[in-house]
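Down below is the structure, laid out as structure tokens.
Each reported figure results from applying straightforward, stated rules to the coordinates on display, with no laboratory input. Only a predicted model underlies this, so the values are computations on that prediction, with no experimental measurement involved. Ideal geometry is used to build each Cβ from the backbone, glycine not excepted, and the neighbour counts take in all protein chains shown.
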Amino acid sequence: MQAEIDVLTIGNAIVDVIAKVDDAFVQNNGLVKGSMNLIDEARAEALYASMGPAIEISGGSAGNTAAGVASFGGKAAYFGKVKADQLGGIYAHDMRAQGVRFESKAATDGPATARSFILVTPEGERTMNTYLGACVHLTVADVDEKIVSAAKVTYMEGYLWDKPEAKEAFKLAAKIARKAGRLTSITLSDSFCVERHRESFLELIRKDIDIVFANETEIKSLYLTQNFDGALQALRKDCEVAVVTRSALGSVVAHGEDVIVAPAIAVPHVVDVTGAGDLYAAGFLFGYTQGFGNARSAQLGSLAAAEVISHVGARPEVNLRDHAKEAGLL
């Protein structure tokens, strides 16, 4: 079968509710800056009431990556669960309007569409508090074998590992992709997620994953070391392509014997780092599926990440294909 899709992403379909706050707000609410906390509906309501002005944007890590791939001109698809409520309808519309193939069936009962309350402090760091709601009810029934088989790369977010049903959907998609001779990829999501699922992640990566995306903190957590070079060497042995972002230090791509270091692209002012890793993955995967090679793919990732941190929200505000052409990368 010919690949009709460049990148299929699978993840938690979440509406981002973003507000700018000061450090005192983070501390007074007992939060750890830069972390992602899972919260219940009561906590969600309490935070929302105290946040002040906010904007609502369709998000979710893998959803952001799919939107980024589409913005580059790639063919993207997405599996994610929403409820047939107002936010669920908005989410589905946003995905399709951005050119992403989104056919996951909305739930008609159960919890509401998920939302993540993202608190952005003055330096651009974000602290996420996520009510998972409907998104964790993604199951094997939501995995469309034809779409998986038609995708060059199936990319999955580590957050799915928090619920058994979603985990099984994740594993089924990897199995289908492998059988079809396609590539698989995962993002480790955050260091707390790695701590919860370290051994399971390692087993999955060693058996079923071709391309791993992580940041420096996540791979150190994965291999229980504070030595970056040691963690990178360990990851290189466990997967075909290791892609590690290092914030202002850029990124490192290790593929076999080759190691490429790509510089970060400076922005005049970092507004909101939400989605930086998601959009880096979008740029890299778009380039990789077009056969551009690791160095150019990493440059596209850096370009997309730089664009998204220059404004509030985790999805690009410009057409990334045009942006890349202006930068001489397409």
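Of note:
- For ALA13, nonlocal amide neighbours, meaning residues 5 or more places apart or on other chains whose placed amide H falls under 5 Å from its own, are LYS81.
- Computed over the chain, the per-residue total of -39500 (n - 2.57) for DSSP H runs of n ≥ 4 gives a 222 nm mean residue ellipticity of -12000 deg cm²/dmol, rounded to 500.
- Ordering VAL148, VAL143, VAL267 by the number of other Cβ atoms within 10 Å of each residue's own Cβ, fewest first, gives VAL267, VAL143, VAL148.
- Cα extents of the stretch 145-194 along the three principal axes, largest first (Å): 32, 19, 13
- With R₀ set to 30 Å, the beta-carbon distance separating ARG246 from GLU203 gives a calculated FRET efficiency near 0.70.
- For the stretch 5-326, the spherically averaged projection of the C-alpha convex hull amounts to 14.9 nm².
- Computed extension length for GLU4-GLU125: 39.8 nm, one decimal, from 0.36 nm per residue of separation with the Cα-Cα distance subtracted.
- Selection from ALA44, GLY133, ASN12, by position along the positive dipole direction of the stretch 5-326 (Cβ): ASN12
- Longest DSSP-loop-exposure-free segment, GluC sites (Glu not before Pro), the chain, at most 15 other Cβ within 10 Å: 124-239
- Order of PHE102, PHE170 under a 10 Å beta carbon neighbour criterion, fewest first: PHE102, PHE170
- Ignoring lysines fewer than eight residues from LYS175 along the same chain, the ones with Cα atoms less than 25 angstrom from its Cα are LYS75, LYS81, LYS105, LYS146, LYS152, LYS163, LYS167, LYS207, LYS237.
- For the pair GLU168 and VAL318 in one chain, pulling the backbone fully straight at 0.36 nm per residue adds 50.4 nm over the alpha carbon distance.
- Charge context of ASN319, other residues only, Cβ under 13 angstrom, K/R +1, D/E -1: -1
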